[in-house]
Amino acid sequence: MTDRRLWSYKDIAAHIKVQPDTVRSYRKHGLLPTPDHFESGKPYWYADTILTWVANRPGNRSRRE
């Protein structure tokens, strides 16, 4: 089952336990996946997109090699 909830910078930040500005910086530096949706000019990502990104991003200690 896919998770199609849309996550904002704030949602992503809460999930990875950083500040929203840190997530904005990740996007600015090309470290965040391309947004899945835009609403009123603001980017949003599907939860599945972010959960996959978190599982595969460098430094993720829970990742299996």
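Annotations for the structure displayed:
- Note on segment 21-37: among residues that are in contact (Cβ under 8 Å) with a residue 12 or more places away in the chain and either open to solvent by less than 40 Å² (accessible area, probe 1.4 Å) or part of a strand (DSSP E or B) (or both), the one that is farthest from residue 59 (Cα to Cα) is 37.
- Pick from segment 1-20, criterion assigned to a loop (DSSP other than H, G, I, E, B) and not hydroxyl-bearing (Ser, Thr, Tyr), ranking: most open to solvent (accessible area, probe 1.4 Å): 1
The values are calculated or read from the model by the stated rules, or taken from the named source; none is laboratory data. Everything quoted here is computed from the prediction, not taken from an experiment. Note: ideal-geometry Cβ built from the backbone for every residue, glycine included; neighbour counts use all protein chains shown. All accessible areas refer to the heavy atoms of the entire protein, side chains included, with ligands and DNA or RNA removed. Shrake-Rupley method; radii C 1.70, N 1.55, O 1.52, S 1.80 Å.
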